[in-house]
Amino acid sequence: MKSERKPTQLQTLIKKFLIEVPKADKYFWGREGMAAKKLIEKYGFDFLQWVEVPFGYRVSSLLYFLGKNGTDYLNGQYFEFLKTKIKEQSKPNLLDQSSVLGDNTEIVKRPSNLQEFLKT
């Protein structure tokens, strides 16, 4: 039995942002695929996976994001996305091994059972 194919990036975006896939429109996949490809080239797939559906409502076409209102929405969201990426990168590594704060002390572990006691 064949397993289902993994959806492509274009198909993932189309299913995420669109209301429903019309069955009668023969130009649907070409038009929406072209729009999704332009959006991926401009913003990147990681950002488009991160961004939420605008205002909680799915759109009827990805061409909305290529228009003025959609571009304004995505630019605002892209700014927030970049801020989160900068915050993630700027977190200091608290357990940096290159700098030692004090003297190294040796911890002596007491034997917890008879076998460990007899080995020492």
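No lab work stands behind these numbers, since they all come straight from the coordinates. Keep in mind that this is a model prediction, so the values were computed, not measured. In this analysis, Cβ positions are derived from the backbone assuming ideal geometry, glycine residues included, and neighbour counts consider all displayed protein chains.
When LYS6 is tested against (1) assigned to a loop (DSSP other than H, G, I, E, B); (2) farther than 27 Å from LYS85 by Cβ, just one condition goes unmet, and that condition is (2). Flag set for LYS68, criterion: among the charged types (D, E, K, R), under 22 Å from LEU82 (Cα atoms) and surrounded by fewer than 11 Cβ atoms within 10 Å (Cβ to Cβ). Is one or more of the residues making up region 4-15 surrounded by fewer than 13 Cβ atoms within 10 Å (Cβ to Cβ), closer than 17 Å to PHE65 by Cβ and out of contact with any Cys (no Cβ under 8 Å at 6 or more places or on another chain)? Within region 4-15, one or more residues are surrounded by fewer than 13 Cβ atoms within 10 Å (Cβ to Cβ), closer than 17 Å to PHE65 by Cβ and out of contact with any Cys (no Cβ under 8 Å at 6 or more places or on another chain).
Among the residues making up region 1-25, those that are polar (S, T, N, Q) and within 22 Å of LEU74 (Cβ to Cβ) are THR8, GLN9, GLN11, THR12. Can you say whether LEU74 is within 19 Å of the chain's Cα centre (by Cα) and in contact (Cβ under 8 Å) with a residue 40 or more places away in the chain, as far as the supplied structure shows? So LEU74 fails the test.
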